[in-house]
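Every number here is computed from the coordinates shown, using simple stated rules; none is lab data. Keep in mind that what you see is a predicted model, and the values were worked out from it rather than measured. All Cβ positions, even for glycine, are placed from backbone atoms using ideal geometry, and neighbour counts span all protein chains on display.
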């Protein structure tokens with residue numbers, strides 16, 4: 001394999017990894033405020049792309065349709081938290097996780113009935129041929145993927161480390177009861193977290209739709225990859241989510257280059273299991289101890 005072909009595989013891995021990272025950031029946000037895993041995150045990805053296509057077909061210009069798709073996805077995320085999760089907020093984590101799984105199934109089913117079962121395409125954000133670098137072609141849309149991922153991780157890092165809201169989110173992940181006693185509005189923290197997670201999922205969905213098309217059933221696969229990336233990097237840390245996503249994307253791409261595309265998912269799963277055995281807190285996670 002020559003260097004240009006190897007670079008092409010690396011670029012593909014970084015592109016896919018950035019998509020996984022955006023979804024992983026959504027998992028990180030919700031986990032950072034609730035301590036649970038939101039398995040509806042993949043459906044937020046699906047809804048972002050599907051809704052953007054829907055608004056384009058209504059005649060809206062592409063930029064407005066994209067923004068409308070992301071905002072509509074955020075609204076669905078807020079409604080999901082308010083109607084499905086908040087009434088059971090005093091239940092155990094397992095109950096809440098099961099609710100997110102059920103919500104994922106409902107969103108997928110409704111999307112099939114509303115948007116149909118066929119694949120839908122969204123125009124590229126930037127027109128023009130691919131950019132050739134050292135013999136490797138890079139789609140212009142890939143730069144949107146990388147740029148939005150950088151903006152998202154910088155924004156979330158600032159939110160967690162520099163704002164009162166971010167500190168309140170971390171407090172909620174440790175103990176909602178203690179946070180309430182300290183005067184933190186935990187219900188608002190959780191609601192906003194779900195809204196932001198839906199925004200991240202929607203952004204990932206709209207930015208990847210011009211590259212791969214979208215359909216009602218894309219959420220499950222990307223949700224699993226995003227969850228794997230979050231675990232791989234270390235839950236609760238935006239930078240770790242990006243590291244996990246890029247690592248997973250590169251491993252998948254290199255496995256295609258040197259082994260076979262048939263085994264890319266298996267190899268990625270083996271990598272995840274190895275990390276869980278050797279370093280359960282993730283690549284950049286911190287080990288925690290509890291006194292009993």
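The mean of 1/r over all pairs of different alpha-carbon atoms in the chain, once inverted, gives a Kirkwood hydrodynamic radius of 19.4 Å. Over the chain, dividing the summed -39,500 (n - 2.57) contributions of all DSSP H runs of at least 4 residues by the number of residues returns a 222 nm mean residue ellipticity of -24500 deg cm²/dmol. For region 161-292, taking the reciprocal of the average inverse distance between every pair of different Cα atoms yields a Kirkwood hydrodynamic radius of 17.0 Å. Each part gets one Cα centre, and for region 212-262 versus region 1-68 those centres are 11 Å apart.
Tell me the relative contact order for the chain as a rounded percent, counting alpha carbon contacts under 8 Å between residues six or more apart. Show your work: numbers first, answer last.
On the way: 495 pairs, mean separation 107.9, N = 292.
Averaging sequence separation for qualifying contacts and normalising by length gives 37 percent for the chain.
Between the Cα long axis of helix 93-115 and the first principal axis of the chain there is an angle of about 40°, rounded to the nearest 10.
Length available on full extension from residue 132 to residue 114: 0.36 nm per residue minus the Cα-Cα distance, which gives 2.5 nm.
The peptide list 60-69, 272-281, put in order of mean Cβ contacts within 10 Å with the highest first, becomes 60-69, 272-281.
Just want to confirm a number: the relative contact order over region 80-161, from Cα pairs under 8 angstrom separated by 6+ residues, in percent. Rounded, it is 14 percent for region 80-161.
Computed packing ranks the peptides 154-161, 248-255 as 248-255, 154-161, most packed first, by mean other Cβ atoms within 10 Å. If R0 is taken as 45 Å, the Cβ-Cβ distance between residue 3 and residue 64 corresponds to a FRET efficiency of 0.60. Computed from the Kirkwood radius of its Cα pairs, the Stokes-Einstein diffusion coefficient for region 1-72 at 37 °C and 0.692 mPa s stands at 227 µm²/s. Rounded to the nearest 0.05, the FRET efficiency derived from the C-beta distance between residue 150 and residue 177 at R0 = 25 Å is 0.10. Pairing the Cα long axis of helix 264-278 with the longest principal axis of the chain, what angle in degrees results, from 0 to 90 and rounded to the nearest 10? So the helix axis and the longest Cα principal axis differ by about 40 degrees. Peptides 96-104, 262-270, 177-185 ranked from most to least packed give 96-104, 262-270, 177-185, packing being the mean of other C-beta atoms within 10 angstrom over each peptide's residues. A straight chain from residue 101 to residue 161 at 0.36 nm per residue would run longer than the Cα-Cα distance by 18.6 nm. Relative to the longest principal axis of the Cα atoms of the chain, helix 238-258 runs at roughly 30 degrees.
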